[in-house]
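What follows is a short report on a single structure.
Just so you know, all these numbers are worked out from the coordinates, no wet-lab data involved. In this text the structure is predicted, and so the values were computed from the model without any measurement. Glycine also receives a Cβ, built like all others from the backbone with ideal geometry; neighbour counts cover every protein chain displayed.
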Ligand code: Z5A
Ligand code: MG
């Protein structure tokens, strides 16, 4: 019988690329699995984040918002480690790369001097990837990150935008660039895979993802130590 810890699988992507859809399908492929979605709005810090995302009159400095999203991940740090060591496969629906990409996008958006529901400043920390990754350093690093990417034109055909702070087409264009620039910096990291979901239905995306997971052996228990996020 195989032994070892479970593996940490992260699904990242732009809004409505199918992260939550794929995360819940993936969960059923394992006999012991757990889904963790970030932001986790059920915690104390998560409730502040929820207020920030849903109430546009509730403002925070970008630095504070950024640190809250990271603090929310730290609230789940011990749970993640314990579950992995207990043989659970954890599927994360957003995590550290969303943290960097959305803050960086706010900085780029502010540089364009746009009005609207992204209140941001060009404070240099928010445009500095090293500053942005800082608070996440030491968190468990995913064994595999799948970044779902799509043309913004195809995305526009999906269910309408919601009403949350970041749900603006123009902002999402910048978010996409931010994600891709972060992954370009990590291009030698073989735990990151960019998954093009253009013109693919839900089962086709699932097949693509599952093939990557099995090819890399991420569907099996492992004896590798849990990696940590480094800067
Ligand atoms: N944020 C941040 O700023 N900093 C951080 O550190 C973190 C997050 C962690 C809330 O995230 C916001 O928090 C988010 C980033 C910021 N900002 N925004 N905007 P969220 O995860 O709570 O909300 P979301 O990203 O907007 O997720 P979503 O709307 O839930 O999208 P999704 O999970 O990727 O998509 P889905 O629900 O699976 O699918 C959307 C629709 O498309 C649905 O009708 C599906 O049936 C359909 N769908 C799915 N796949 C397909 C395919 N393949 N073809 C056709 N239709 C499909
Ligand atoms: Mg979702």
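Some notes on this structure:
- Filter result (touching a residue at least 60 places away in the same chain (Cβ under 8 Å), within 20 Å of residue 83 (Cα to Cα) and more than 10 Å from ligand 2 (Cβ to nearest atom)) within the stretch 1-27: 2, 3, 4, 5, 6, 7, 8, 9, 10, 25, 26, 27
- Within the stretch 1-13, the set of residues being crowded, with 21+ Cβ neighbours inside 10 Å and either within 13 Å of ligand 1 (Cβ to nearest atom) or farther than 27 Å from residue 158 by Cα (or both) comprises 6, 7, 8, 10, 11, 12, 13.
- Filter result for residue 222 (out of contact with any helix residue (DSSP H, G or I) (no Cβ under 9 Å at 6 or more places or on another chain) and crowded, with 16+ Cβ neighbours inside 10 Å): yes
- Conditions (1) surrounded by 16 or more Cβ atoms within 10 Å (Cβ to Cβ); (2) touching a residue at least 12 places away in the same chain (Cβ under 8 Å); (3) touching a helix residue (DSSP H, G or I) at 6+ places or on another chain (Cβ under 8 Å); number of the one not met by residue 88: (3)
- Members of the stretch 28-65 found to be under 17 Å from the mean Cα position of the chain (by Cα), in contact (Cβ under 8 Å) with a residue 24 or more places away in the chain and crowded, with 16+ Cβ neighbours inside 10 Å, listed by number: 34, 36, 37, 38, 39, 40, 46, 53, 65
- Yes/no for residue 226 being touching a residue at least 12 places away in the same chain (Cβ under 8 Å) and assigned to a helix (DSSP H, G or I): no
- Test: residue 174 is within 16 Å of ligand 2 (Cβ to nearest atom) and either in a helix (DSSP H, G or I) or surrounded by 19 or more Cβ atoms within 10 Å (Cβ to Cβ) (or both): no
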